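Below is one structure, written out as structure tokens; the observations come after it.
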Amino acid sequence: MSRHVSVKIADRVRSAARNRCGYCLSPQHLVMARLEIEHIVPFAKGGSNDESNLWLACPICNRYKSDKTTAIDPQTGETAALFNPRTWGGDKQG
Ligand SMILES: [Zn+2]
């Protein structure tokens, strides 16, 4: 399976994300590079190209997240799931 996402799906994700990064919320017009379609569950870890697994991210957030799905919570020292921008409901606001 290819990680390629069709233009049609990419356009729908971009619209649902209101054309801003799902992590730092930077809008496209304030980011020098094109916002990227990212896999919430990384493709390298079995994440699919299904629209429900895709969101928009700026290159900085996307590179920082990389293929991680969890991180250590600095307050508890426990492993915690990374933020999922689709659960935030940003596509339903405004
Ligand atoms: Zn970002």
Those residues that are in contact (Cβ under 8 Å) with a residue 24 or more places away in the chain and more than 22 Å from residue 12 (Cα to Cα), I need them from the stretch 66-90; list them, please. 66, 67, 68, 69
Residue ID - nearest to the ligand (Cβ to nearest atom), chosen from residues in the stretch 12-34 that are touching a strand residue (DSSP E or B) at 6+ places or on another chain (Cβ under 7 Å), touching a residue at least 24 places away in the same chain (Cβ under 8 Å) and more than 17 Å from residue 81 (Cβ to Cβ): 21
Can you give me the ranges of the strands (runs of 3 or more DSSP E) entirely in the chain with at least 2 residues that are surrounded by fewer than 17 Cβ atoms within 10 Å (Cβ to Cβ)? 70-72, 79-81
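The numbers here are math on the coordinates, done by the rules we state, and not lab data. Computed from a prediction, not measured in an experiment: that's the story for all the values here. A quick note on method: Cβ atoms are made from the backbone with ideal geometry, for glycine too, and the neighbour counts reach across all protein chains shown.
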